[in-house]
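What follows is a short report on a single structure.
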Amino acid sequence: MKSLYLPKKSLGQNFLIDHNIINKIIKIPNIKKNNTILEIGAGNGNLTKFILKKNPKKFFAVEKDKHLSVLLKKRFVGNDNIEIINDDIFNFLKNNTLNKEVIIFGNLPYNISTQILASLILIEKWPPWYEQIIFMFQKEVADRIVAKNNSKEFGRLSVLCNWRLEIKKHFNVSRHCFYPKPKIDSTVLSFKPKKYNKFLIQNPKNLETVTRILFSNRRKMINKNFLKLFNNNSSIANDLNLKMNKRPGEISNEMFYKITMKYEKLLK
């Protein structure tokens, strides 16, 4: 494929070419005959080819690059099980009519990887239409997703992802496994929706608001920003048993969800 197509930097294209890594990725989920597969950014079809060998019920390969989508159609011509879709993934997700039992794969462009994940977390109807996500991220992004409080990587991304998803780190992938070779290594993570979530936040945008305000001064104590959220009502911190001299990075995911639920009550 190297001679047929020059990857575009503007689309963050780095094609996975290591078959050992591809085999490890497709073994993460248990792909059954009744599963539908959605691959985000199918690229030159290297991962696509291996997934198809698992004989899923249906396969949607979404590729934004028009030239690449033509190459994919040629590569998989005669295979009725796969539909190549030349579209932006955000358009596809907005208009999709997929049912349950969907497994999503993606070797995501580094420049929009967190946006794609966030759009899948913030789906209104929950549990969602997908049963598992397997994504490859830039290693430093993956580190932020799986980070625990009291670590330097911990921040808004970890709080958002852990609210609705069970997250598992699988393995790191060397930059040498890609063409063209990126400057950094990658990490493969998988996500499963939490079917029963005890933190019933009514509007995910409120969680975004709470985390944005509290993390706006991550080196400082939360007291001023917390009072800004709650109109100077310090009694709410007492209700939550939350010490106002903590810094945002010291607060647990669960506490952020509890704060958001209190914030939503204030809005009513």
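The values are calculated or read from the model by the stated rules, or taken from the named source; none is laboratory data. The structure displayed is predicted, hence computed values, not measured ones. Because the Cβ atoms are built from the backbone with ideal geometry, glycine has one as well, and the counts that use them run over all protein chains shown.
Quick notes on this one:
- Residue in the stretch 188-211 that is closer than 23 Å to residue 132 by Cα and hydroxyl-bearing (Ser, Thr, Tyr) present: yes
- The lone exception for residue 171 - which of (1) in contact with a Ser or Thr (Cβ under 8 Å, 6 or more places away or on another chain); (2) under 30 Å from residue 217 (Cα atoms) it fails: (2)
- Residue in the stretch 204-214 that is modelled with pLDDT of 95 or more and surrounded by fewer than 14 Cβ atoms within 10 Å (Cβ to Cβ) present: yes
- Among all positions in the stretch 49-58, there is at least one residue which is modelled with pLDDT of 90 or more, more than 17 Å from residue 110 (Cα to Cα) and crowded, with 20+ Cβ neighbours inside 10 Å.
- Hey, residue 38 in contact (Cβ under 8 Å) with a residue 24 or more places away in the chain, in a helix (DSSP H, G or I) and buried (at least 16 other Cβ atoms within 10 Å of the Cβ) or not: no
- One residue stands out in the stretch 185-203 among those that are touching a residue at least 40 places away in the same chain (Cβ under 8 Å) and loosely packed, with under 12 Cβ neighbours inside 10 Å: the one that is farthest from residue 19 (Cα to Cα), namely 200.
- Failed item in (1) surrounded by fewer than 19 Cβ atoms within 10 Å (Cβ to Cβ); (2) touching a Pro at 6+ places or on another chain (Cβ under 9 Å); (3) closer than 26 Å to residue 253 by Cα; (4) basic (Lys, Arg), with residue 164 passing the rest: (1)
- Single residue of 147, 118 found to be in contact with an Asp or Glu (Cβ under 6 Å, 6 or more places away or on another chain) and either of a type in the set (A, V, I, L, M) or not assigned by TED's automatic domain parsing to the domain that holds residue 256 (or both): 147
- Residues that are part of a helix (DSSP H, G or I), of a type in the set (Asp, Glu) and more than 22 Å from residue 26 (Cα to Cα), drawn from the stretch 117-143: 140
- Checked across the stretch 121-132, the condition of being at pLDDT 95 or above, of a type in the set (A, V, I, L, M) and surrounded by 15 or more Cβ atoms within 10 Å (Cβ to Cβ) holds for no residue.
- For the stretch 76-98, a residue qualifies if it is under 13 Å from residue 56 (Cβ atoms) and either assigned to a loop (DSSP other than H, G, I, E, B) or in contact with a helix residue (DSSP H, G or I) (Cβ under 7 Å, 6 or more places away or on another chain) (or both), and the qualifying residues are 79, 80, 81, 82, 98.
- Among (1) small (Gly, Ala, Ser); (2) under 28 Å from residue 247 (Cβ atoms); (3) touching a helix residue (DSSP H, G or I) at 6+ places or on another chain (Cβ under 9 Å) - the single one residue 235 does not satisfy: (3)
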